[in-house]
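These notes concern the structure reproduced below.
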């Protein structure tokens with residue numbers, strides 16, 4: 001029976017809870033209490049970071065922490081108890097207080113706090129700990145019988161001891177419970193460096209440990225885009241200089257993979273949130289198989305996902321699977337972890353740069369292990385493979401050292417590329433070996449496995465207590481940090497340090513940031529670290545990124561194809577045009593006939609073999625052509641990066657942008673049929689991008705006359721209802737905004753037509769096109785500004801028709817043209833209220849600081865609508881000098897103006913102090 005999809009099952013599990021409280025804290029005067037609070041918050045944070053906590057929550061005078069492991073909870077309790085015992089209370093000028101710590105183990109539910117957005121805990125486990133803590137003797141650690149029962153099962157090394165205290169009545173008449181006084185039998189905490197709590201290893205073992213760590217640090221200290229065409233000189237950049245902290249998305253594993261695939265397909269298609277069956281019907285086809293599976297399982301509602309920095313995810317989850325698309329940064333993340341832990345061991349640090357206590361790093365490429373199993377024996381264990389690989393590379397790793405570190409729980413084991421471990425059958429075998437390894441050593445060792453999403457979904461999964469996470473795309477801040485670090489590192493390597501070097505690096509980075517800001521399609525590509533790296537390399541090679549999208553995609557494809565050829569010198573001779581031809585044929589076929597964008601490997605080989613046979617003048621492929629097609633498919637899949645496995649035995653382009661680009665190339669492959677192909681797909685939503693890219697590439701390669709012909713053919717296609725919805729004109733204008741090379745005469749005609757549409761068309765006829773016009777003005781700002789549109793619009797700011805004046809002002813704001821600011825500032829003094837309001841609104845959109853004084857003056861205007869529009873515009877401008885004037889408006893009698901000022905201050909509050917924020921809040925409540 002159909003109905004509202006059921007909400008995801010709550011995350012219920014058995015956990016260990018620690019509740020600590022300082023007896024007498026609430027009786028302290030305000031100042032001593034504040035000093036103590038600040039000091040203990042700062043000091044206890046690194047203690048908590050040593051452990052794999054599920055949740056952490058301050059309780060004012062204490063802390064509530066949850067764990068999956070009772071040993072972790074017990075050791076954390078002792079570390080906190082020791083800290084408060086040894087705290088210099090005299091220095092703090094605070095009377096000595098004793099900490100009471102209660103430990104309990106039981107069922108609880110994890111959920112996201114609606115207030116903080118952080119993981120939080122509810123359930124009996126929390127209540128039992130809260131009722132136990134008040135009766136604990138200050139200075140001691142007490143545990144319930146449920147906790148000690150679990151601890152006894154894990155106390156084989158007799159690290160912990162406890163005294164039976166008998167039954168006690170819990171606080172608030174909760175009932176009686178048997179309690180125990182817990183103590184540490186010997187040795188430091190579980191979270192401390194584990195080699196310190198076992199008998200000292202022989203000196204030669206310690207020497208080998210340091211030698212091994214030094215080699216690991218050396219091997220993983222550089223990021224090297226090997227094989228990718230760079231400049232005349234191959235460069236390496238240091239991991240420290242360019243690694244960008246990544247984020248992981250975690251959610252419940254049952255529906256995880258299907259939803260990941262849905263989101264992946266929608267992102268590839270350029271989709272966003274909302275009802276995609278209604279808003280983007282082509283996406284419904286892409287995701288139909290996954291949505292059908294979810295309907296059958298009753299999991300149609302998207303599971304709640306938590307996005308967190310990878311350091312936080314690692315602190316909470318000891319066994320983690322990291323999924324990601326090709327080029328998403330899976331291998332780099334694992335190498336970074338190996339590098340950081342190795343560096344901390346070599347340097348003798350107590351912490352691996354925010355990653356907790358240093359661990360013994362073991363990095364294993366599962367593709368190497370699969371080959372070794374194939375060549376040697378199915379019985380080859382992972383441990384033996386690790387030892388042999390180290391011997392081959394002359395890395396000191398005695399068996400006693402490896403086994404000792406694993407047994408002590410000191411290791412971070414990094415299994416890289418489960419998806420690359422051979423055939424599906426072989427991958428299943430390797431997965432079983434990894435599972436066995438986790439069962440044997442997963443208690444206190446951290447184990448991370450990486451895989452592509454498609455391979456994981458297809459069945460190569462791990463069974464057991466592992467958490468599945470997905471690498472999130474780079475956000476704007478991550479992209480900017482990568483660009484700044486990469487450009488500076490490369491310049492310093494090639495030029496040496498210095499002011500000029502830093503200046504040149506900054507110019508390179510800003511040039512790429514500007515290109516991304518001006519082109520949403522390129523920005524989408526840059527969210528993938530591999531593609532972002534390629535953009536950087538192209539910019540270095542050519543001094544600037546091509547402004548036209550089609551030209552930039554040409555360079556990206558060229559870089560990837562040349563990389564392919566460099567890896568296959570002497571084995572697979574072909575030229576770039578042949579590769580483009582085959583990829584174009586594939587892109588067009590997928591875009592036209594396969595909404596899901598996928599073919600099986602056999603279908604792909606057959607498709608390319610038929611095309612190769614046709615070009616060779618053969619009626620059908622022979623054995624040699626089929627063999628060559630198979631080699632080409634394998635080469636593209638493994639090395640080019642343009643194609644990716646998107647399901648078991650299913651292949652498609654790694655990003656939908658590449659499919660659209662190559663489909664566009666196929667549309668113009670026959671110069672005599674270009675217009676026919678383009679008009680045949682005109683105004684089909686899925687073909688808009690291929691058409692724009694096709695026109696751009698044709699104009700670039702065949703000349704402006706060709707560009708004129710294609711753009712004119714679009715403009716004058718005489719599509720149905722053109723006089724009302726203007727689809728032909730707007731698509732031709734999109735070609736102009738896409739920097740397609742056309743003649744100045746045609747450019748001027750298009751600008752005239754757009755100006756007429758904006759200013760001279762009656763409202764009722766322009767209305768249906770308004771959303772597309774606004775999008776055009778925003779996305780084509782640079783191109784439309786360069787062809788004189790702002791001047792045309794400014795001239796109409798004085799038009800006698802109010803509607804025309806408003807349309808001209810709005811269009812100028814959408815274009816973001818600063819030369820309109822003086823004219824718009826003058827309009828703030830206009831007699832017409834609507835003109836003043838529109839001028840203020842547009843000045844806010846433009847973001848030009850020279851308008852701030854004029855807008856601040858309007859805050860004193862007698863007309864309340866002027867005060868309101870000025871406040872709103874100042875909020876959009878984001879200039880801190882407006883804060884005092886906006887604060888004064890919080891005393892307004894008019895509620896609408898007060899709210900406008902408050903909203904503007906809220907937009908500015910990130911750069912202001914807490915006093916302003918508190919004042920704003922107080923006036924809102926009054």
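The values are calculated or read from the model by the stated rules, or taken from the named source; none is laboratory data. Note that this is a predicted model, so its numbers are computed, not measured. FYI the Cβ positions are ideal-geometry reconstructions off the backbone, even for glycines, and counts take in every protein chain you see.
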Unmet requirement for residue 712, which otherwise passes all of (1) assigned to a helix (DSSP H, G or I); (2) within 24 Å of residue 556 (Cβ to Cβ):
(2)
Restricting to region 410-435, and then to whatever is touching a helix residue (DSSP H, G or I) at 6+ places or on another chain (Cβ under 7 Å), at pLDDT 85 or above and not in a helix (DSSP H, G or I), can you tell me which residue is surrounded by the most Cβ atoms within 10 Å (Cβ to Cβ)?
415
From the list 509, 515, pick out the single residue that is crowded, with 17+ Cβ neighbours inside 10 Å, in a helix (DSSP H, G or I) and modelled with pLDDT of 85 or more.
509
Of all residues in region 539-557, which are within 27 Å of residue 707 (Cα to Cα) and modelled with pLDDT under 80?
539, 542, 543, 544, 545, 546, 547, 548, 549
Take residue 63 and decide whether it is free of Cβ contacts under 8 Å to residues at least 60 places away in the same chain and in contact with a helix residue (DSSP H, G or I) (Cβ under 8 Å, 6 or more places away or on another chain).
yes
The residue that is surrounded by the most Cβ atoms within 10 Å (Cβ to Cβ), considering only those in region 660-685 that are within 36 Å of the chain's Cα centre (by Cα) and not in a helix (DSSP H, G or I), is 668
Give the number of residues within region 333-373 that are part of a helix (DSSP H, G or I) and either over 24 Å from the mean Cα position of the chain (by Cα) or surrounded by fewer than 20 Cβ atoms within 10 Å (Cβ to Cβ) (or both).
14
Could you check region 849-868 and list, in sequence order, the residues that are surrounded by 15 or more Cβ atoms within 10 Å (Cβ to Cβ) and either part of a loop (DSSP other than H, G, I, E, B) or not assigned by TED's automatic domain parsing to the domain that holds residue 833 (or both)?
859, 861
Determine which member of the set 725, 742 is modelled with pLDDT of 85 or more, out of contact with any strand residue (DSSP E or B) (no Cβ under 9 Å at 6 or more places or on another chain) and either surrounded by fewer than 18 Cβ atoms within 10 Å (Cβ to Cβ) or more than 19 Å from residue 790 (Cβ to Cβ) (or both).
742
